[in-house]
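Step one of this worksheet: look at the structure below.
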Amino acid sequence: MAVSTIYSTQALNSTHFLTSSSSSKQVFLYRRQPQTNRRFNTLITCSQETIVIGLAADSGCGKSTFMRRLTSVFGGAAKPPKGGNPDSNTLISDTTTVICLDDYHSLDRYGRKEQKVTALDPRANDFDLMYEQVKALKSGVAVEKPIYNHVTGLLDPPELIQPPKILVIEGLHPMFDERVRDLLDFSIYLDISNEVKFAWKIQRDMAERGHSLESIKASIEARKPDFDAFIDPQKQYADAVIEVLPTQLIPDDNEGKVLRVRLIMKEGVKYFSPVYLFDEGSTISWIPCGRKLTCSYPGIKFNYEPDSYFDHEVSVLEMDGQFDRLDELIYVESHLSNLSTKFYGEVTQQMLKHADFPGSNNGTGLFQTIVGLKIRDLYEQLIANKATARAEAAKA
Amino acid sequence: MMMMMSAAASHVRVVLPLHQQRRTISIGSEIFRLSQTEPRRFKLTIATNVTAKYKGTKMREEKLSEMIEEKVKEATEVCDTDERSEECRVAWDEVEEVSQARSDLRIKLKLLNQDPLESFWQENPETDECRVYQD
């Protein structure tokens with residue numbers, strides 16, 4: 001691995017970090033230091049900044065859609081590591097590596113059965129190892145990460161993970177351990193309401209011959225105590241919470257097809273400026289369908305307001321309903337502010353790219369895409385900041 | 001055996017992006033100009049016929065489906081005696097884990113449009129799991 005110290009002049013602000021080219025090689029100019037008594041390192045280090053994003057949700061690492069949207073915003077398609085264990089849970093793209101926290105189970109399926117703990121229980125997870133490895137990756141050191149095989153239920157031999165630009169840790173407990181929490185540059189919690197969870201699990205499992213409506217219901221009920229005790233409390237630590245609820249536009253809807261999605265954004269987070277509608281900090285209720293835009297039933301409704309969430313100041317952007325056509329999406333996008341897009345229509349373009357993903361026509365897809373753009377923005381700001389800090393240090 | 005996922009698939013309305021549309025998005029423009037009057041709307045049922053290509057993937061699919069059946073039976077039995085016991089919770093957790101794994105495999109096949117063993121095959125063409133599956 002090439003090792004080089006990077007000095008950047010004041011004029012060079014690294015704004016071109018995430019281009020569409022597959023490997024962006026940074027060219028830095030460096031100023032030769034005047035001869036002083038201080039001995040400068042002849043050893044040059046090419047340090048790469050790694051940011052760590054935490055994503056918490058139920059059901060282990062089934063957040064493939066979110067992950068793929070996220071990685072797509074950063075550029076490149078996320079794929080499993082080439083040639084390695086086919087049951088690996090890791091996804092790697094040019095800029096991003098996604099690690100499934102199930103890999104840090106200290107007890108495999110048989111161990112858990114023996115000790116009578118579920119996967120949700122912290123006793124089944126090795127937080128020390130999680131902390132060490134995330135810390136190592138963050139500081140640019142490759143790690144040998146264990147693999148938890150979901151098919152066999154065993155812990156497989158480890159795989160080598162190189163430190164990426166953006167590291168995403170997804171799973172049940174990204175924010176559970178305080179040390180790991182401190183390493184996170186941004187954290188997201190996917191909060192699915194019970195009714196929607198039930199509807200989604202029915203969609204997921206009804207095709208399986210082993211399942212019935214009763215078994216799905218029983219499974220959700222049995223999980224509740226552990227979920228409420230260990231997973232749910234993490235949402236107070238999240239910088240952004242995506243809450244998915246049943247729609248209010250259709251009375252007595254229990255199909256779970258039309259969704260009401262709320263993006264709860266914490267105020268005062270470094271490098272993160274919440275999205276807003278029309279006027280920051282005010283309360284807005286907006287139905288875009290009318291004279292300029294015709295929508296089909298049940299239409300779209302937006303809400304924006306400041307609020308308090310677990311004693312934190314937050315801004316909440318809410319979308320109820322679904323998109324039917326391209327121009328509805330672009331219309332909505334043109335009225336939202338602080339999206340951190342690089343060009344007009346970027347959100348729409350990203351949504352179109354993955355039009356076949358679930359949630360592409362409602363708030364889940366929209367807010368997942370927006371969160372992706374926010375993380376990209378956070379990354380670029382962080383890099384720019386570190387570059388100027390280093391420039392200052394080099395001058396001193 | 002074709003993978004009939006329509007039972008579990010959702011009807012997706014896909015708006016196909018026309019090539020011209022992208023070029024008409026101009027920065028700062030208020031009016032989004034479409035080169036056609038109305039984008040065409042399609043309703044697709046993703047009853048995919050992306051089947052497992054490699055024997056290994058087929059094996060995994062079948063194994064997971066079997067395990068779901070087994071574990072649901074087991075969990076129902078265990079929970080019959082005591083609904084609130086730890087054994088009951090663990091049993092249903094296993095069902096959830098295996099159901100999710102099954103679903104993930106299905107999603108991988110559907111979204112990636114490729115068999116997850118594809119890259120494994122490229123490095124290890126000799127292994128038994130990489131024999132091409134033929135129905």
Review point. Would the range A:231-251 turn up any residue that is within 14 Å of chain B (Cβ to nearest Cβ) and either surrounded by fewer than 19 Cβ atoms within 10 Å (Cβ to Cβ) or within 27 Å of B:Ala91 (Cα to Cα) (or both)?
Key: yes
**Study point:** Hey, A:Asp182 under 29 Å from B:Thr57 (Cβ atoms) and either among the small types (Gly, Ala, Ser) or not in a loop (DSSP other than H, G, I, E, B) (or both) or not
**Key:** no
Review point. For the range A:156-179, which residues satisfy the criterion of being surrounded by fewer than 19 Cβ atoms within 10 Å (Cβ to Cβ) and in a strand (DSSP E or B)?
Key: A:Asp156, A:Pro157, A:Pro158, A:Glu159, A:Leu160
Practice item. Of all residues in the range A:302-315, count the ones that are surrounded by fewer than 19 Cβ atoms within 10 Å (Cβ to Cβ) and on the phi < 0 side of the Ramachandran plot. Key: 8
Check your understanding: Just a yes or no: is a residue in the range A:363-382 crowded, with 20+ Cβ neighbours inside 10 Å, in contact with a Phe, Trp or Tyr (Cβ under 8 Å, 6 or more places away or on another chain), touching a residue at least 12 places away in the same chain (Cβ under 8 Å) and assigned to a strand (DSSP E or B)?
Key -> no
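I need a count of the residues in the range A:211-224 that are more than 7 Å from chain B (Cβ to nearest Cβ) and in a helix (DSSP H, G or I). Full working, then the answer.
So the first thing to find is which residues in the range A:211-224 are more than 7 Å from chain B (Cβ to nearest Cβ), and the list is A:212-214, A:216-217, A:220-221, A:224.
Next, only the ones that are in a helix (DSSP H, G or I) stay: A:213-214, A:216-217, A:220-221, A:224.
Within the range A:211-224, residues that are more than 7 Å from chain B (Cβ to nearest Cβ) and in a helix (DSSP H, G or I) number 7.
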Exercise for review: All but one of (1) outside any helix (DSSP H, G or I); (2) over 16 Å from the mean Cα position of the chain (by Cα); (3) at pLDDT 85 or above hold for A:Thr97, so report the exception by its number.
Suggested key: (2)
Revision key, fill the gap. Of the residues in the range A:195-210 that are at the interface with chain B (Cβ under 10 Å from one of its Cβ atoms) and of a type in the set (Asp, Glu), the one that is surrounded by the most Cβ atoms within 10 Å (Cβ to Cβ) is A:Asp205
Exercise for review: List every residue pair whose Cβ atoms sit under 8 Å apart, with the two residues 6 or more apart in sequence or on different chains, where the first one lies in the range B:75-103 and is facing chain A (nearest Cβ under 7 Å) and the second, anywhere, is of a type in the set (Val, Ile, Thr) and surrounded by fewer than 22 Cβ atoms within 10 Å (Cβ to Cβ).
Suggested key: B:Glu86/A:Val117; B:Glu87/B:Val78; B:Cys88/B:Val78; B:Val90/A:Val117; B:Ala101/A:Val151
Exercise for review: Go through (1) among the polar types (S, T, N, Q); (2) under 17 Å from A:Val261 (Cα atoms); (3) within 12 Å of chain B (Cβ to nearest Cβ) and name the single condition A:Gln368 misses.
Suggested key: (3)
Practice item. For A:Ile44, work out the one condition from (1) aliphatic (A, V, I, L, M); (2) modelled with pLDDT under 85; (3) more than 30 Å from A:Lys201 (Cα to Cα); (4) crowded, with 16+ Cβ neighbours inside 10 Å it doesn't fulfil. Key: (4)
Review point. Just to be sure, is A:Asp320 crowded, with 21+ Cβ neighbours inside 10 Å and farther than 18 Å from A:Val73 by Cβ?
Key: yes
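Taking the criterion of being of a type outside the set (Val, Ile, Thr) and assigned to a helix (DSSP H, G or I), would at least one residue in the range A:242-262 satisfy it?
Taking every residue of the range A:242-262 in turn, none turns out to be of a type outside the set (Val, Ile, Thr) and assigned to a helix (DSSP H, G or I).
The values are calculated or read from the model by the stated rules, or taken from the named source; none is laboratory data. Remember, it's a predicted structure, so these values are computed and weren't measured experimentally. Cβ sites come from the backbone with ideal geometry, for glycine too, and all protein chains shown count toward neighbours.
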